[in-house]
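The values are calculated or read from the model by the stated rules, or taken from the named source; none is laboratory data. Owing to the predicted nature of the structure, the values given are computational and were not obtained by experimental measurement. Note that each Cβ is placed from the backbone with ideal geometry, even for glycine, and that neighbours are counted across all protein chains shown.
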Amino acid sequence: MKRHIKFALVYAVLAMACGVFYREFTKAYAFTGDTALGKVHTHLFLLGMVVFLLFALFDAKLDLRHSKLYLPFMIVYNAGVGVMSIMLIVRGVFDVTGGMSAGADGAVSGVAGLGHILVGAGIVLFFVMLLLSLRKGKQGADAAEAAACAQGETENNESE
């Protein structure tokens, strides 16, 4: 759980730094229009900090970090958020400084799309981990309940 809270903290710091960069960079260029830079801050807070705080809570209850899917989730999801954020920054910088060529625009869009696919795959892995953990927990609870019932029946038979 501590690891996930540290991840959340790192994402929160990155989000704040990107927010400051957005404000100062657009101010330095006297830019007042819409830019992708304004979205990096929010993406990092939500997809980084909030997701890992939620993961920490689920992990405390369901022990997700011992799942076979934990390492693939961490790699795929963090890579996706990183790629997506970097591409938002690249697009935003070009928005502020005067645009980009059609080829560069296509390249940035393509790489950003790969980042989104990785984030989506990471979210799917997260939900699969949750569902498998809940199924395992239910089976364990059912077995414990059956054992308790059997123990209760044995004690009742012995007392008769």
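Within the span defined as the range 68-77, every residue fails to be touching a Cys at 6+ places or on another chain (Cβ under 9 Å) and either within 18 Å of L46 (Cα to Cα) or buried (at least 18 other Cβ atoms within 10 Å of the Cβ) (or both).
Put simply, of S85, S109 the only residue that is closer than 21 Å to C18 by Cβ and either surrounded by fewer than 16 Cβ atoms within 10 Å (Cβ to Cβ) or under 11 Å from the mean Cα position of the chain (by Cα) (or both) is S109. Could you tell me whether any residue of the range 53-64 is under 25 Å from A12 (Cβ atoms) and over 20 Å from the mean Cα position of the chain (by Cα)? No, the range 53-64 contains no residue that is under 25 Å from A12 (Cβ atoms) and over 20 Å from the mean Cα position of the chain (by Cα).
Just checking, does the range 35-52 include any residue being touching an Asp or Glu at 6+ places or on another chain (Cβ under 9 Å) and charged (D, E, K, R)? The answer is no, given that none of the residues of the range 35-52 is touching an Asp or Glu at 6+ places or on another chain (Cβ under 9 Å) and charged (D, E, K, R). Answer with yes or no whether H66 is in contact with a Ser or Thr (Cβ under 8 Å, 6 or more places away or on another chain) and within 22 Å of A121 (Cα to Cα). It is false that H66 is in contact with a Ser or Thr (Cβ under 8 Å, 6 or more places away or on another chain) and within 22 Å of A121 (Cα to Cα).
Only one entry in V90, V51, V76 is over 16 Å from F126 (Cα atoms) and among the aliphatic types (A, V, I, L, M), namely V90. Scanning the range 58-77 for residues that are in a helix (DSSP H, G or I) and either free of Cβ contacts under 8 Å to residues at least 24 places away in the same chain or more than 30 Å from L131 (Cβ to Cβ) (or both) gives K61, H66, L71, M74, I75. Check whether at least one residue in the range 4-13 is touching an Asp or Glu at 6+ places or on another chain (Cβ under 7 Å), closer than 30 Å to L132 by Cα and either modelled with pLDDT of 95 or more or not aromatic (F, W, Y) (or both), and report yes or no. Yes, because at least one residue in the range 4-13 is touching an Asp or Glu at 6+ places or on another chain (Cβ under 7 Å), closer than 30 Å to L132 by Cα and either modelled with pLDDT of 95 or more or not aromatic (F, W, Y) (or both). Give me the residue from the range 26-52 that is touching a Ser or Thr at 6+ places or on another chain (Cβ under 9 Å) and outside any helix (DSSP H, G or I) and, out of that set, surrounded by the most Cβ atoms within 10 Å (Cβ to Cβ). Checking each candidate, the answer is T35.
When S133 is tested against (1) at pLDDT below 95; (2) out of contact with any Leu (no Cβ under 6 Å at 6 or more places or on another chain); (3) buried (at least 16 other Cβ atoms within 10 Å of the Cβ), only condition (2) is not met.
Does the range 79-94 contain at least one residue that is in contact (Cβ under 8 Å) with a residue 12 or more places away in the chain, polar (S, T, N, Q) and either in a helix (DSSP H, G or I) or touching a strand residue (DSSP E or B) at 6+ places or on another chain (Cβ under 6 Å) (or both)? Scanning the range 79-94 turns up at least one residue that is in contact (Cβ under 8 Å) with a residue 12 or more places away in the chain, polar (S, T, N, Q) and either in a helix (DSSP H, G or I) or touching a strand residue (DSSP E or B) at 6+ places or on another chain (Cβ under 6 Å) (or both).
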